Each structure stands twice: as C-alpha cells, then as structure tokens.
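Following: one structure in structure tokens, then a few remarks.
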Amino acid sequence: MKRKWGLLSVAVVSGVLASRAGGITINLTYRAAGESIGGVATAGAAPTNATGTGSLQALVEAAADYWEAVFTDTHTVSIQYGWASLTSAGSHNLLTQGGTPNRELTGTIRFDNDQSTVWYLDNEPLTATEFTTLTNYTTDLGGGIMNVGREYTGATGAASEFDLYTTAIHEIGHALGLSGANSTFINVAGSDRTVTLGGASFAGADVPIAASSAHLDLDHALLRSNRPGGVRRFASEADLLTLAELSGFSQINFAAAVPEPATAGMLMALSSAMLLKRRRA
Ligand SMILES: [Zn+2]
C-alpha cells in the first residue's frame, strides 16, 4: 500500500495522472561480505577508491524505484545484489523465469569491487546537477523517429568517475528482459540479433542487438554494453520498448523515464520518504 502512495505521488508531481493497476515490484536483497549472491558468487566488501558519499544500497534502491515508476504492469522480480570482483563494472545473472508472458522472476546483480572500476557514488541520485548537459538522441529504426539515447555529460568533480546509479539502472534493466538466459530473448533475438517492436508505439521498428551479448547496439542507449566515465544515462524509448516487447509489458510511463529538472527536488524528497518506508527482504 505504501508503494502505491509513493508511485501515485510521483505521478502527480510529474503531471502524469495515468490510471494505475499495480506496477512492477522489484524486491532487493543486499548481500554483505561473505554472503552468497544467489549462488553466483560470494559477496565482497565495498571498494575503497570510490568517489562521492552515496552507498551501493541507496543507489540500487533508487534504480529500482526508477523502474517501478516506468513499468506499471503487475509483476514481481526478486534480485540479490552485492559487491564482487568482476572483469566488467557490473554483471547480471538470471536465476529463474516463468509465467505468461515469460519474465525473469529471480536474478542477481554484482558490482565490481576490485578497484579497477572507480565508482561515483552519488548521494543525491535524483538530481543530476553535477552534469552540465542532457542530450537526447533520435533515429528512425523503421517505426518513425524514436528516442534512442538520454545521456548526461559534462560531469564535474566526483561525478567524473563511473556512475554507479547508471550501472544499477542498466543491470536491473537486464532483469526486465534483456538477458542472454531469458528464453524470450533467445527466441526473439538469439539468431537475427534484432527485436522488432510490435506494440502500440513505433510498431515495426527493428531495434539492433549486439552480436555477442544481450545489449542494444545503439551508441547512447542505457542498455548498450558500455559507456564512458562521467556519463549518466536513462532509459531511451528504444530501451523501454525493447524491454516491453521482450517481457510483455503493456503499460509504460514514458514521462517517468527521465526525471524533469523542475521536479527533481520534490522527487528527491519523496524518494527519501520512500526509502525510509521501503521494506527490505
Ligand atoms: Zn549490460
């Protein structure tokens, strides 16, 4: 119930009064050093070379809030996460999937702690004041001119390092359908590396998928395989619609995909209240 209050309030603040019938729920479980992250790895300690004063837990919870506001279908996915040594910045693993439509039900996310990734831990992730420029990228993938990238650049200070908030949003995005272990992804994009949109928006657009991983082959997409340091990305229409196509999400709050600067302060206040209220498994 408290979740509904939080989401409704965000919708009012952003001027969106779409009717809601639940909304996805992302259950998060932080695994502390020494605990198993879903059998995938044993969690380690936080790296000591990060910049910023935020925390992994707060940023992953903020990332979950982001997706819960974007997809308003009824669905629950449970994710265990923690620090671990990786050859990349972040890594997602699907543990179980099922239902109709097929969706990931449980999974894990690991964040690199071997100091090779110098993280930026934003203590106010719902404001992007540490970045100077927001660029929206568009292209026509066959269904009309579509947004394919929402990217903040021009980072200053601590934010010049690798943005963990973006990585958290990216990795949870994998748990919402774009996974090499997701049977729908395998069926739809496994061979031709394309997801053709068939929903209400941009029908017929062919979203290109990377040749050898479950990522969008679009230069500035949130779900691209890589990005530079000092950059914050949010889900583009291509990201949102690809996940919707793969997981059968029919309700998308596009306006929630990029927090508006004018409402960021209010969203931050609301999010703080929500974080206090959020129940952790
Ligand atoms: Zn990825």
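The values are calculated or read from the model by the stated rules, or taken from the named source; none is laboratory data. Bear in mind that the values here come from a model prediction, so they are computed numbers and not experimental data. Glycine also receives a Cβ, built like all others from the backbone with ideal geometry; neighbour counts cover every protein chain displayed.
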Next on the checklist: Given the condition touching a helix residue (DSSP H, G or I) at 6+ places or on another chain (Cβ under 7 Å), under 25 Å from Thr242 (Cβ atoms) and not in a loop (DSSP other than H, G, I, E, B), answer yes or no: does some residue in the stretch 121-133 qualify?
Outcome noted: no
Checklist entry - Can we say Gly22 is modelled with pLDDT under 95, part of a loop (DSSP other than H, G, I, E, B), among the small types (Gly, Ala, Ser) and under 25 Å from Asn182 (Cβ atoms)? => result yes
Checklist entry - Among the residues of the stretch 182-192, which ones are surrounded by 16 or more Cβ atoms within 10 Å (Cβ to Cβ) and assigned to a loop (DSSP other than H, G, I, E, B)? => result Asn182
Checklist entry - Of the residues that make up the stretch 150-165, is at least one surrounded by fewer than 15 Cβ atoms within 10 Å (Cβ to Cβ) and part of a helix (DSSP H, G or I)? => result yes
Checklist entry - Take the residues of the stretch 207-217 that are within 13 Å of the ligand (Cβ to nearest atom) and over 13 Å from the mean Cα position of the chain (by Cα): which is surrounded by the fewest Cβ atoms within 10 Å (Cβ to Cβ)? => result Ser212
Checklist entry - So which of Gly98, Gly82, Gly107 is free of Cβ contacts under 8 Å to residues at least 24 places away in the same chain and closer than 30 Å to Ile186 by Cβ? => result Gly98
Checklist entry - Which condition breaks for Thr139 when tested against (1) within 16 Å of the ligand (Cβ to nearest atom); (2) among the hydroxyl-bearing types (Ser, Thr, Tyr); (3) in a strand (DSSP E or B)? => result (1)
Next on the checklist: Checking the condition surrounded by 20 or more Cβ atoms within 10 Å (Cβ to Cβ) and more than 16 Å from the ligand (Cβ to nearest atom), which residue from Val70, Val118, Val60 passes?
Outcome noted: Val70
Item to check | Count - residues of the stretch 235-262 that are part of a loop (DSSP other than H, G, I, E, B), farther than 19 Å from His75 by Cβ and within 16 Å of the ligand (Cβ to nearest atom) | outcome: 1
Checklist outcome for this item: Listed by first then second residue, the pairs whose first member lies in the stretch 159-182 and is of a type in the set (Asp, Glu), whose partner is more than 12 Å from the ligand (Cβ to nearest atom), with beta carbons under 6 Å and at least 6 positions apart or on separate chains, are Glu161/Thr51; Glu161/Val118; Glu161/Tyr120; Glu161/Gly229; Asp163/Tyr120; Asp163/Arg232
Checklist entry - Which of the following residues is within 14 Å of the ligand (Cβ to nearest atom), of a type in the set (Gly, Ala, Ser) and closer than 30 Å to Thr53 by Cα: Gly149, Gly173? => result Gly173
Next on the checklist: For the stretch 219-234, give me each residue that is more than 13 Å from the ligand (Cβ to nearest atom) and in contact with a helix residue (DSSP H, G or I) (Cβ under 8 Å, 6 or more places away or on another chain).
Outcome noted: Gly229, Gly230, Val231, Arg232, Phe234
